[in-house]
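Engineer: Take this structure, written in structure tokens, and hold onto it; I'll ask about it next.
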Number of protein chains: 2
Amino acid sequence: MKQIEFELNKEFRDRFQEALNARDNEFIRTSLEEVNPADITALLYEFNGEESKYVLDLLPVDVRAKIINDLDTETRKSFLTHYTAGEITEVVNHLDSDDAADILNELPIKTSEEIIASLDADLKSQVIDLLRYDENVAGGLMAKELIKARAHWNVVQCVEEIRKQAENVTKFYTVYVVDDFDRFLGKVSLQKLILTDPRTIVKDLLDEDIVSVETYMEDREVVEIMSKYDLESVPVVNVQGQLVGRITIDDVVDVITEQAEEDRQLMSGITEDVEEDDSVWRNTRARLPWLLIGILGGLISARFMGFFEKELVQVTAIAFFVPLIQATGGNVGIQTSSLIVQSLMKPGFVDDGLWKRLLKVFSVALLNGLFLGLIVFGVNWLVFGSNSLNLVVSLALFFVVVFASFVGTITPIILNRFGINPALASGPFITTTNDLLGLGVYFLTIHLLL
Amino acid sequence: MKQIEFELNKEFRDRFQEALNARDNEFIRTSLEEVNPADITALLYEFNGEESKYVLDLLPVDVRAKIINDLDTETRKSFLTHYTAGEITEVVNHLDSDDAADILNELPIKTSEEIIASLDADLKSQVIDLLRYDENVAGGLMAKELIKARAHWNVVQCVEEIRKQAENVTKFYTVYVVDDFDRFLGKVSLQKLILTDPRTIVKDLLDEDIVSVETYMEDREVVEIMSKYDLESVPVVNVQGQLVGRITIDDVVDVITEQAEEDRQLMSGITEDVEEDDSVWRNTRARLPWLLIGILGGLISARFMGFFEKELVQVTAIAFFVPLIQATGGNVGIQTSSLIVQSLMKPGFVDDGLWKRLLKVFSVALLNGLFLGLIVFGVNWLVFGSNSLNLVVSLALFFVVVFASFVGTITPIILNRFGINPALASGPFITTTNDLLGLGVYFLTIHLLL
């Protein structure tokens, strides 16, 4: 049994860099010989494109293919610029159809056409079929490799065919059954095939009770279905009901991870899919849009407060509580929208409708608002003594909590209706809106009561 | 082939409620007969505990077990209060060991002891073994059900034993091979078993090149390993190297989804695992802690600005730019910490060290700060004309961007060092800190320059 023994420490990296500089092919080959490709991928992130290519060229082509496939999209894009179309073709020929299509999708159209033209015949037709689909639908997630049996075969024929087909399929979960027109009928379990009389016809072992998805189904929905029904793979059918591919759970894990990352970026106001170790310029650019919107909000706030200069000159303490009002508005807005986003993501429940939802949010807001208003009133009363500003601040705070909850509720719902990822509403979008709203409520209360 | 035909619409729910009120067992049974248990679970969320129990009692016990297993923890906890220990025992007897252990863990200790005592013998010993592990480690994730072959068996014996064992194992991925002391040796593929001469010894078909995890490994680490090496299941060994269980990828999907949800809640300042449709009181309670900390920050801000009352009375416009300064500080802080959290979550890379990281963050902050500072200076100059406050605001903004980036960088790193989920740093924690910091920087600049 082999444990994960490959530790990526600084010593090894330095030793490896030395070997690279000295073109010590012997050391490079030997040190990577028994290493899992996934670990080599991690190592390559430490070297530049040319160095990485030098290392990969020393490895067997199937290992090289696996490593290039493991790279994240951005890294791979820039890495493959060091390769000729011929070299990429060699690599792609060793990949599953879905991975091959993903890589071809990333390349300049001219290069990818050149590569497709010279791919192995089988893979070529599979890839051409896959490239038709958008990457965010079932068709874009599926692989063409699967094990397929005809309903009229007997068990002997079937096992024979499975053996042949299995050579090209790495993840072997289910044997799908189709009719003579490739229309999807169901599955037959390997266990049943092993255990049954060899003369039985596949049709008689057929399990029709199987969930399938259609090529144009959105990836989020595919993820939901596979999690809900706890599937390790799902067959994909086209509009004619023909079996055209299958999606395996490892692809779904990738989608889930990407979605979580995307949501996190939306929630933190980053506009591009950026990572800490991307270039300074890229990092700056990914942040500027939301920062600018924040700045715009700030400038509007400044202008707005300008209208109340008279009040501010009379009672300077009005200004003291602006941060309190705004921080609370922002926090309440983000909390509310985050919960709404969470339930929007969970499908399958009957939608109780906007009104029931708002009533619930309103109750929570009333409770929170009352509680916070009273606390602030109490503290201010203890610190500054009784004064009318204290009452105004506490009242405004109460209203801000209620309004911010309202905005936090409807924003994600509206975004969702328009097909925009509602997680956007849990970020600087809500904070900026609520900063302005809070300020408005506060100064309106001052204007009316002070 | 059966597609997902079961749509949970309002009409059906109402009709179902009617049938429930009329105790129309015939309708309930027939309408649910061919429905996937996962869809029945979704339906049950619409009814109260007693009604749900009434429906479940009409269904076969294996379907009932699957549905109860599918419920989320909170719902199940309150739902099972309607059941006697005997009824729960019947259900648990139909579950896999890991699911059985999860449910028993949720029950009051007295009930769970009573149930364990009367479980089927096999399941009983498996569950007792599983209950020893914390739910956040590999031991707590694994199931005892797996297919195990001894190295000295021949293929005929092996296939025979697999047939027997397969009856109890729903997810059939890999045949694990152990020696006579149950020590883990590797795996043998079903394909190889089918294709080889029946007299071959399992040991000669052994594939040793397989990743395993140890019982005490943290769940986040298990997830990383399974995603990195693209595994659909991973064997779990104890400290003696004995094979004690296996973790399947569907469990890992659950862990990933839960982690994403946990991160999202931390980022939005919600302290309890709460959902929109939980009670008003629970929703209120989950939000108050961070709102109170925000309020505390606001009150400190108010007190702090009080010290500068003299300046504020002289130049009221100073107050106008407080929202601008604070919003930018908050946004920059959250953006920065979110990127740091993202890279902290990706393991396997050589840690470049704090200094290199800070230098990068510092460069990005300088660029962003310069850019934003210039824009604000320009806009203010156009709107208010040339004045010294404008210069102060722009300079303070620049410094706030730099400081907020610094705080956004070190906070998640520090939290991570202390074993706290760094996503906490991308939420109200950072906003509150940066609000205060921003105010401090702003008024210090005013004090020095104005």
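The values are calculated or read from the model by the stated rules, or taken from the named source; none is laboratory data. Please read these numbers as outputs of a predicted model, since none were measured by experiment. Heads up, the Cβs are rebuilt from the backbone with ideal geometry, glycines too, and the neighbour counts pull from every protein chain shown.
Engineer: Right, A:S343: within 29 Å of B:E11 (Cα to Cα) and either surrounded by fewer than 20 Cβ atoms within 10 Å (Cβ to Cβ) or within 7 Å of chain B (Cβ to nearest Cβ) (or both) or not?
Structural biologist: Yes.
Engineer: Let me ask something else. Looking for whichever is on the phi > 0 side of the Ramachandran plot and free of Cβ contacts under 8 Å to residues at least 12 places away in the same chain here; the options are A:G385, A:G378. Which one fits?
Structural biologist: Checking each option against the conditions leaves just A:G385.
Engineer: Taking the range A:35-50 only, how many residues are touching a residue at least 24 places away in the same chain (Cβ under 8 Å) and either more than 27 Å from A:K77 (Cβ to Cβ) or not in a helix (DSSP H, G or I) (or both)?
Structural biologist: Number of matching residues: 5.
Engineer: Across the range B:241-252, which residue is farthest from B:I420 (Cα to Cα) among those that are surrounded by fewer than 21 Cβ atoms within 10 Å (Cβ to Cβ) and within 9 Å of another protein chain (Cβ to nearest Cβ)?
Structural biologist: Ranking the candidates gives B:G241 first.
Engineer: Please verify whether the range B:51-73 includes one or more residues that are surrounded by fewer than 16 Cβ atoms within 10 Å (Cβ to Cβ), of a type in the set (G, A, S) and in a helix (DSSP H, G or I).
Structural biologist: no
Engineer: Something else: Output the number of residues of the range A:100-120 satisfying the condition of being under 25 Å from the mean Cα position of the chain (by Cα) and of a type in the set (K, R).
Structural biologist: So the answer is 0.
Engineer: What's the total number of residues in the range B:46-72 that are modelled with pLDDT of 90 or more and within 18 Å of B:D99 (Cα to Cα)?
Structural biologist: 9
Engineer: Now a separate question. Can you tell me which residues in the range B:275-291 are surrounded by fewer than 23 Cβ atoms within 10 Å (Cβ to Cβ), facing another protein chain (nearest Cβ under 7 Å) and in a helix (DSSP H, G or I)?
Structural biologist: Matches in the range B:275-291: B:V280, B:T284, B:L288.
Engineer: Can I ask one more? B:E114 - would you say it is part of a helix (DSSP H, G or I), touching a helix residue (DSSP H, G or I) at 6+ places or on another chain (Cβ under 6 Å) and surrounded by fewer than 18 Cβ atoms within 10 Å (Cβ to Cβ)?
Structural biologist: yes
Engineer: I've got another one for you. If you scan the range B:409-426, which residues turn out to be within 18 Å of B:E258 (Cα to Cα) and surrounded by 23 or more Cβ atoms within 10 Å (Cβ to Cβ)?
Structural biologist: If the condition is that a residue be within 18 Å of B:E258 (Cα to Cα) and surrounded by 23 or more Cβ atoms within 10 Å (Cβ to Cβ), then B:P422, B:A423, B:S426 are the ones that fit.
Engineer: Do we have any residue at all in the range A:129-139 that's farther than 21 Å from A:T174 by Cβ and part of a strand (DSSP E or B)?
Structural biologist: Yes, the range A:129-139 has at least one match.
Engineer: Next up: How about the range A:185-240: which of its residues are within 22 Å of the chain's Cα centre (by Cα), surrounded by fewer than 17 Cβ atoms within 10 Å (Cβ to Cβ) and more than 13 Å from chain B (Cβ to nearest Cβ)?
Structural biologist: Within the range A:185-240, A:Y216, A:E218 qualify.
Engineer: Tally time: how many residues in the range A:299-318 are at the interface with chain B (Cβ under 7 Å from one of its Cβ atoms), free of Cβ contacts under 8 Å to residues at least 12 places away in the same chain and not charged (D, E, K, R)?
Structural biologist: Number satisfying all stated conditions: 6.
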